[in-house]
Amino acid sequence: MKGAGVVERAWLNVPFSEKDEAKAHGAWWDREAKRWYDPRPVTAHLQRWAPLPELPDLLPGEDRSFGSGLFVDLVPQTCWFSNVRTCVIERDWERVRRMIRRRAEHRCEACGAEEDRSVRRWLEGHERWSYDDRTGVQTLRRLVCLCSPCHLATHMGYASITGRTQEAQAHLRRVTGMTSRELFRHIDRAGQLWIERSAWTWDLDLRILTSAGVTVCSPPAPDQRAHQAEQVLDQVRHST
């Protein structure tokens, strides 16, 4: 009980792929919290989705000052689409997603915008990585909450192959105050760094997640990640 007349929900951790099954067993959806719950606790068939402890606002070893602001952050071609969400089991991703949004107070950490479904602006998790040229290790340093326009501007390469370059560039200028000259210089520098890093195949270091008790799937080998990235890129190109 939290205050007069306010009852704490019996929350559930239901992955998106299992939502229909949970609903069939009696789970209800809380639109405001964006989370499933047991309306008649304790329902035996729903206990498989009993929640794990919430993650702390600061993950072990995470640097929340790393990669602040909005900038073009091109993931090397050999790493595309091998992100944290694909490496974390689906049930734990829900915990990670909630933590990212909660600690950002449900606002974009780059521009301050809130989620607005009427204009299809969502809040999404984004990874900040460091790259060690000596060891070939790509280390997760921070998770950041970005709105979908900021996320698109960050992944300018993806914006390009999906025909949304102008949209992404306009948003980047609006948020950062860059002039056209500064914008193109910034994109050129990011592109040069992308070329250099794409010459490598990278191993993933996800210790800030595993140290917090998040279960990760075994990341694909570096050469497999590059092949998977090219397959997904082909699918994106043919769907746009």
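The values are calculated or read from the model by the stated rules, or taken from the named source; none is laboratory data. Note that this is a predicted model, so its numbers are computed, not measured. Note that each Cβ is placed from the backbone with ideal geometry, even for glycine, and that neighbours are counted across all protein chains shown.
Okay, residues lined up against (1) under 30 Å from residue 218 (Cα atoms); (2) surrounded by 12 or more Cβ atoms within 10 Å (Cβ to Cβ):
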| site | (1), (2) |
| --- | --- |
| 170 | no, yes |
| 185 | no, yes |
| 188 | no, no |
| 193 | yes, yes |
| 200 | yes, yes |
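Residue 214 fulfils the conditions (1) free of Cβ contacts under 8 Å to residues at least 60 places away in the same chain; (2) of a type in the set (A, V, I, L, M); (3) in a loop (DSSP other than H, G, I, E, B) except for a single criterion, (1). Close Cβ contacts (under 7 Å, 6 or more residues apart or on different chains) running from residues in the stretch 176-196 that are at pLDDT 95 or above to residues that are assigned to a helix (DSSP H, G or I) and polar (S, T, N, Q) comprise 183/169.
Could you say which residue among 46, 12 is closer than 30 Å to residue 116 by Cβ and touching a helix residue (DSSP H, G or I) at 6+ places or on another chain (Cβ under 8 Å)? So the residue among 46, 12 that is closer than 30 Å to residue 116 by Cβ and touching a helix residue (DSSP H, G or I) at 6+ places or on another chain (Cβ under 8 Å) is 12.
Residue by residue, here is whether (1) assigned by TED's automatic domain parsing to the domain that holds residue 203; (2) over 30 Å from residue 182 (Cα atoms); (3) of a type outside the set (Lys, Arg) holds:
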| site | (1), (2), (3) |
| --- | --- |
| 40 | no, yes, no |
| 62 | no, yes, yes |
| 66 | no, no, yes |
| 69 | no, no, yes |
| 76 | no, no, yes |
| 100 | yes, yes, yes |
| 112 | yes, no, yes |
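Considering the conditions (1) in contact (Cβ under 8 Å) with a residue 12 or more places away in the chain; (2) over 16 Å from residue 145 (Cβ atoms), residue 44 is excluded by exactly one of them, (1).
Counting residues in the stretch 94-109 that are under 19 Å from residue 172 (Cβ atoms) and assigned to a loop (DSSP other than H, G, I, E, B) gives one or more. The number of residues in the stretch 144-160 that are out of contact with any Leu (no Cβ under 7 Å at 6 or more places or on another chain) and either more than 16 Å from residue 174 (Cα to Cα) or not in a strand (DSSP E or B) (or both) comes to 8. When the stretch 127-168 is filtered for residues that are aliphatic (A, V, I, L, M) and either more than 23 Å from residue 58 (Cβ to Cβ) or buried (at least 18 other Cβ atoms within 10 Å of the Cβ) (or both), the ones remaining, listed by number, are 140, 143, 144, 146, 152, 153, 156, 159, 161, 168. Applying the criterion of being modelled with pLDDT of 90 or more and aliphatic (A, V, I, L, M) to the residues of the stretch 1-36, the residue that is surrounded by the fewest Cβ atoms within 10 Å (Cβ to Cβ) is 24.
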